[in-house]
């Protein structure tokens, strides 16, 4: 009888008795941390704090680590000090991933971990995506992907495990809101985070506020468009630091 993906994950974790984990507080790395602890692995989660992560991601990472009874190690890092990231070229993600993983690898080595893992899963495209290339080059393993666990399965298993992250929307870092070729600054990152925080407080989920010149381009799901229009004045006030606010009619996740 063929083993389930979850069974294959626990079997894989037996080969990783001491492991550092590149931890984001998202659905995938959260479940991997839970599974690693459950398997008896000595695991240390590392959260690299940069200007690219909004505050709620760190709060979620701290909360989950506390609920699972494990110490979260936070590594402050000036990502904007990396020119090949700050200049925002086409391959920014590759250089960013290498910089962040270097921080985790160094910390994990100091803590005596022979392996470092990340939360990539079987739903992620393993082609020539910049982040995947960086993982391969730096010898970081991806137990969830290796076990064949998809995003859907990870959400289901997370819910069964009682992890609050099980239905957390997918989230890409703040740098992805800045068009390629536009230099990333603390100012445009802060503007983006404040705008997305404002929409989140209004009850919107799984949306993006993208920089469009000096304007904001809002991407929401088809289901949320009526709500956005109904709260037009409130949204415009909240995003008043932008010269204009546009709604992208090509619905997100349509």
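Every number in this text was worked out from the coordinates using simple rules, so none of it is lab data. All of these numbers come straight from a predicted model, not from anything done at the bench. In this analysis, Cβ positions are derived from the backbone assuming ideal geometry, glycine residues included, and neighbour counts consider all displayed protein chains.
Structure values in brief
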| read-out | value |
| --- | --- |
| Distance between segment 144-172 and segment 29-51 - C-alpha centres, whole angstrom | 14 Å |
| Diffusion constant of segment 185-247 at 4 °C, which comes from Stokes-Einstein with the Kirkwood Cα-pair radius and 1.567 mPa s, µm²/s | 111 µm²/s |
| Of every Cα-Cα pair in segment 141-200, the percent that sits beyond 13 Å | 72 percent |
| Fewest-first ranking of 52, 115, 246, using other Cβ atoms within 10 Å as the exposure measure | 246, 115, 52 |
| Principal-axis tilt of helix 55-68 within the chain, Cα atoms, nearest 10 degrees | 30 degrees |
| Distance (nanometres) between label positions extended 7 Å along Cα→Cβ at residue 201 and residue 90 | 4.0 nm |
| Three-way shape label, segment 128-254, alpha-carbon gyration tensor, a/c 1.5 | oblate |
| The chain - mean residue ellipticity at 222 nm from DSSP helices (-39,500 (n - 2.57) per run, n ≥ 4, rounded to 500) | -13000 deg cm²/dmol |
| Length released on extending from residue 190 to residue 59, taking residue separation times 0.36 nm less the Cα-Cα span | 45.5 nm |
| Cα gyration tensor shape of segment 1-119, rounded if a/c is under 1.5, else prolate or oblate by comparing a/b with b/c | prolate |
| Quotient of C-alpha Rg and 2.2 N^0.38 Å, computed over segment 71-142 | 1.16 |
| With eigenvalues of the C-alpha gyration tensor scaled by 5 and rooted, the chain, Å | 33, 21, 16 |
| Extended-chain gain in nm, criterion 0.36 nm per residue less alpha-carbon gap, residue 172 and residue 215 | 13.5 nm |
| Efficiency of FRET from Cβ geometry, residue 111 and residue 223, R₀ 41 Å, rounded to 0.05 | 0.40 |
| Förster radius 41 Å - calculated FRET efficiency between residue 243 and residue 8, Cβ distance, rounded to 0.05 | 0.20 |
| DSSP beta bridge pairing in the chain, given as percent antiparallel to the nearest 5 | 25 percent |
